[in-house]
Amino acid sequence: MSIRIINSISYSHLAIILLCAAILVLFSGCAEHERTEADETIDVAMPEEGIYNFVDVTKASGIGFIHNMGDEHLSNVIESVGSGCAFFDFNQNGHLDLYIANGSFHDVISSGDRPQTLSGNVLYENLGNGRFRNITKRAGVGDTGYSMGLAVADFSNNGFPDIYITNHGPNVLYQNNGDGSFTDVTERAGVAGDKSSAGAVWLDFNNNGLLDLYVANYVEFNPELNLVYAPDGYPGPLNFPGQPDVLYRNNGDGTFTDVTEEMGVYNRTGRAMGVGSLDFNGDGYPDIFVANDAMANYFYRNNGGTGFTDIAIRSGLAFNRGGEATASMASSFADYTGNGLIDLLVTDDSYNSLYENQGGGLFRDVSFPSGIAVASGQHVGWAGGFIDYNNNMMNDIFIVNGELKHLHGQEDHLFENTGTGNFREVSGEQGPYFSQAMVGRGGCFGDYDNDGDIDVFIVNLHEEAVLLRNDIGNRNNWIMINLVGTESNRDGIGATVRVTAGEITQTAQKTGGGQYLSSNDPRLHFGLADHEIIDRIEISWPSGIRQILENAEVNQILTIEEQQ
């Protein structure tokens with residue numbers, strides 16, 4: 001089976017590329033862009049690489065984002081949800097840019113007087129030299145609604161990623177024009193909705209090459225309701241009626257149709273926070289997992305593209321190991337055991353739930369035996385991700401923490417995969433950042449500097465965001481794979497990739513969102529330890545096409561186009 005390699009960046013050429021980018025920026029400056037406050041404060045020396053994997057480079061990178069929840073005091077569940085972020089390459093120049101959702105003053109949920117200028121979402125352009133520039137106004141993506149989450153994907157298959165923003169109120173869809181700007185196409189597309197939306201995910205549920213959209217809706221907030229006594233601050237989610245989620249089918253002409261009831265995913269009183277989609281049973285069709293707050297989670301099995309069936313209870317994903325409904329936040333997927341089956345991490349307000357895939361549609365909560373529960377027990381987990389932070393071919397876990405009902409900070413967690421089915425908490429070994437207590441919410445994971453290891457961006461509730469650069473993960477080898485669909489959707493969302501080096505095969509699937517209100521680097525990252533050649537790369541596309549590449553070089557960004 002042949003394979004076409006569109007583009008490949010070798011690690012050996014990376015230094016030259018970065019040097020050229022730095023020279024271009026030095027001479028061109030900001031002349032072609034309007035200057036912003038962020039531009040004028042890029043004068044902090046970039047920290048040199050040290051002995052820790054994660055180093056805070058926020059100020060030096062030029063990022064000055066401060067989240068605004070629209071209020072001085074945390075007083076209700078909507079304000080507590082926070083906001084997400086996304087790593088994505090909006091202009092397709094090979095560098096990950098950064099989009100951040102923001103809260104804002106809201107007439108119903110905020111107190112005090114309405115400000116003259118509302119805060120909005122922000123787009124930072126990656127300059128390719130470790131620094132970012134705020135180009136929100138120029139790009140036309142500064143939505144000033146009360147934004148919570150976002151999901152990024154190329155729904156129009158034109159080669160440029162689009163942005164869907166979930167708000168408390170009407171949502172927004174920005175279509176990428178391919179020239180550095182976006183157009184608000186929400187009304188024409190028919191995806192605004194009128195709920196309090198949280199997570200969202202792009203998926204091709206019927207495998208017709210068009211990306212559909214699932215929107216997770218939260219609660220019907222009413223400040224006059226007081227159904228549940230709230231001695232610790234404010235009424236929680238049980239105080240308000242839940243709202244049904246929505247599934248939109250892509251019509252292929254720039255419009256979408258609400259097929260929620262038709263496809264069997266209508267639940268009148270859901271309290272969804274996060275949503276993710278993956279083909280868990282290997283039948284070629286993406287399933288949907290919904291993380292609900294203070295009620296059972298949903299797990300919709302895809303019935304061959306014709307509808308869905310909720311099998312959460314029988315699969316073991318509805319509740320935690322104690323049979324309790326938790327305040328589930330979001331989900332992350334990976335094969336952390338290396339057996340070819342995709343496992344699931346669900347962050348929550350107690351111990352976090354790690355579900356090991358047993359095959360046959362069954363999962364087992366292994367939070368306690370795996371070693372993550374005890375360390376997590378005194379924290380509230382929000383964004384969480386499987387990442388191979390040290391490129392040793394095993395998926396580790398990074399969890400963003402923050403107090404639930406108060407603006408009190410908590411330290412984040414890094415759990416290292418021991419290779420025996422267990423994890424070891426190594427946060428205390430990772431330097432100064434992990435001793436800082438912040439009110440974490442959304443987070444995205446990706447290689448923003450293209451050096452082969454995974455970096456982290458975190459949105460903190462009502463305070464400064466953080467960019468963590470991974471400094472030493474690339475001491476081990478790696479590969480990143482960028483998929484370009486032709487018969488399948490152009491992003492290759494839903495494709496399964498298996499990478500074999502030596503005796504180890506790693507399995508991953510391309511997703512269209514699913515972190516807590518956030519979207520990760522669209523390229524699939526694989527650590528390769530000390531292997532100097534990749535024996536085999538196998539791609540199973542949503543279209544059914546299967547491609548194989550043998551004897552690939554390590555330490556490169558490999559773009560592969562789908563073909564027969």
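Values in this text are rule-based calculations from the coordinates and carry no lab data. A quick note: this is a predicted structure, and the numbers were derived from the prediction, not measured. Reconstructed Cβ throughout: ideal geometry from the backbone, glycine too, with neighbour counts over all protein chains shown.
I need the Kirkwood Rh of region 191-310: take the reciprocal of the average 1/r across all distinct C-alpha pairs and report it in angstrom. Could you put the intermediate results ahead of the total?
On the way: mean 1/r = 0.0663 Å⁻¹.
For region 191-310, the Kirkwood estimate is 15.1 Å.
Taken over the alpha carbons of region 52-139 as equal point scatterers, the Debye sum produces base-10 log I(q)/I(0) values at 0.17, 0.19, 0.23, 0.25 Å⁻¹ of -0.81, -0.93, -1.12, -1.22. Measuring how big the chain is from its alpha-carbon positions, Rg and Dmax come out at 21.7, 65 Å.
Which percent, nearest 5, of DSSP beta bridges in the chain are antiparallel? Please report the intermediate quantities before stating the final value.
Working: 115 of 121 bridges.
In the chain, approximately 95 percent of DSSP beta bridges are antiparallel ones.
Using alpha carbons only, the radius of gyration of region 379-496 set against its Kirkwood radius gives Rg/Rh = 1.01.
What dipole magnitude, in Debye to the nearest 20, does region 233-322 give about its Cα centre under +1 on Lys/Arg Cβ and -1 on Asp/Glu Cβ?
On the way: 6 positive and 10 negative charges, 80 e Å.
Dipole of region 233-322, to the nearest 20 debye: 380 debye.
Explain nothing, just the number: dipole magnitude of the chain about its Cα centre with +1 on each Lys and Arg Cβ and -1 on each Asp and Glu Cβ, in debye rounded to the nearest 20. Kindly include the intermediate steps, with their values, before the conclusion.
Working: 28 positive and 74 negative charges, 140 e Å.
Dipole of the chain, to the nearest 20 debye: 680 debye.
Across region 303-318, coupling constants 3J(HN,Hα) worked out from phi with the 6.51/-1.76/1.60 Karplus curve, θ = phi - 60°, read 9, x, x, 9, x, 10, 10, 7, 10, 4, 5, 5, 7, x, 9, 6 Hz, and Gly and Pro carry x. As an equivalent ellipsoid, region 81-214 spans semi-axes of 24, 20, 12 angstrom, where each value is the square root of five times an eigenvalue of the C-alpha gyration tensor, largest first.
Binning all Cα-Cα separations of region 348-434 at 5 Å, short to long from zero, yields these whole-percent fractions: 3, 14, 24, 25, 18, 10, 4, 2, 0. Just so you know, the Rg over Rh for region 136-263 is 1.04, from Cα atoms, with Rh as the Kirkwood radius. Dividing the summed -39500 (n - 2.57) terms of all DSSP H runs of n ≥ 4 by the residue count of the chain sets its mean residue ellipticity at 222 nm at -1500 deg cm²/dmol. Evaluated at q = 0.24 Å⁻¹, a Debye calculation over the C-alpha positions of region 306-357 (equal weights, vacuum) places log10 I(q)/I(0) at -0.99. When restricted to Cα atoms, region 341-391 yields an Rg and a Dmax of 11.6, 34 Å, respectively.
Sorted into 5 angstrom bins from 0, the C-alpha pair distances of region 252-367 split as 2, 12, 22, 24, 19, 11, 5, 3, 1, 0 percent.
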